[in-house]
């Protein structure tokens, strides 16, 4: 809306406002747009990384037999969209956008399915979550391998040492978040200078955050019983916590023990999930979804190969890739349908996989940096495909869904 209003000039000026951070003689200056894409989005990838790690440790991707179908579906849902895009853009700079239709926006896709929770089996939601998580992992690998600038071996070496430091903190049992945070910031800067996209620091940091608590539940129960006994004993002497220092000390210790029985990864994931969902992603959308619309160029847009490649890649490619991969896997006996689901529901869910939005726009910014025409066409294709995929997938699932229980 802003990009097509009387505020369009102010909007574009906002994107390019330089912002510098400095200490002494050192400084780092980037446009506000780059701070959002390179800095703020690292938090988004941090949360994505923690979701990936949790699913791989104890979730839908932990059991290979259970994870087989969504993983195979994700592979098909990445390969076919990329192929469709390359069929329409097989030469020149436009080829660089092949990774754009590979991505699925987990928040919007799962959100659309959750709205139908009373009409679809819970296992279908779990399937889409696992598929989207596997898809995110594929997108992260694509960004790391294919969308990097000229690499600096010196800064890459520094990055590797910082990663080893993060791993060392984990293995030595450090459970405080601050040391990880400080090293992750240094890693972000090192990756920024190395040519590898700096947001990968978020994923790497997430994978090194401890997923084990200081105390297991049995130890916690024993310690809390002792502390509760001390609390009751102190309470009999003086029930006012303002004047009873012993009572206050016991309460503080109990609070610390409550922290210690939780994993750092759990605390961080719960703490950052809402800020990323309601602050980071909307800011990213504000700074990246501004598409100037002109009726005079409407026909040109609809026939542009980049627009068509992204649109058809997300709409048709995701549907064909996910549905086809699942069909082959089921025929070969490699995977099995989630309990209580029909294949037609898997096909309908594959349409929701065409909601690319956040990750697709992010890859478009990397693929077409400095190529304004291609970037505009790619973003337009992402938004059009995401809207159509959301509406079509929702309508199909609603039609297939069972009547709500009364």
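Read-outs throughout are calculated quantities, based only on the coordinates presented, and are distinct from any laboratory measurement. Just so it is clear, the model here is predicted, and its values are computed rather than measured. Neighbour counts are summed over all protein chains in view; Cβ atoms, including those assigned to glycine, are modelled from backbone coordinates with ideal geometry.
Each of residue 119 and residue 231 was given a label point 7 Å from its Cα along the Cα-to-Cβ line. The distance between the two points is 4.7 nm. Comparing mean-square fluctuations of 364, 329, 378 from a GNM of the chain with C-alpha springs under 10 Å, the top value falls on 329. Taking a ≥ b ≥ c as the square roots of the eigenvalues of the Cα gyration tensor of the stretch 217-260, is the shape rounded (a/c under 1.5), prolate (a/b larger than b/c) or oblate? Taking the square roots of the gyration eigenvalues as a ≥ b ≥ c, the stretch 217-260 is oblate.
Between residue 177 and residue 239, 0.36 nm times their residue separation minus their Cα-Cα distance comes to what? Don't skip to the answer; put the middle values down first.
Numbers: separation 62, 0.36 × 62 = 22.32 nm, distance 3.45 nm.
Working it through step by step, the gained length comes to 18.9 nm.
Look at the alpha carbon pairs under 8 Å that are at least 6 residues apart: their mean separation over the length of the chain gives a relative contact order of 29 percent.
The alpha carbon centroids of the stretch 199-221 and the stretch 49-128 are separated by 25 Å.
Springs between alpha-carbon pairs under 10 angstrom, Gaussian network model over the chain: which of 201, 190, 117 fluctuates most? Per the Cα network of the chain with a 10 Å cutoff, 117 tops the list. In a GNM of the chain with a 10 Å cut-off on Cα contacts, which of 270, 197, 33 has the highest mean-square fluctuation? Highest fluctuation of the listed residues: 270. The long axis of helix 153-171 is offset from the longest Cα principal axis of the chain by roughly 40 degrees.
For the chain, what is the convex hull volume of the alpha-carbon atoms per residue, in Å³? Could you put the intermediate results ahead of the total?
Values: hull volume 88.7 nm³, N = 406.
Each residue corresponds to 218 Å³ of Cα convex hull volume.
Once you reduce the stretch 7-27 and the stretch 348-406 to the center of their Cα atoms, the two points are 31 Å from each other. For residue 30 and residue 150, the FRET efficiency from 1/(1 + (r/R0)^6), where r spans their Cβ atoms and R0 equals 25 Å, is about 0.90. The distance linking the stretch 240-278 with the stretch 132-163 is 34 Å (Cα centroid to Cα centroid, whole angstrom). Remark: C-alpha extents of the stretch 179-231 on the principal axes read 57, 17, 10 Å, sorted largest to smallest.
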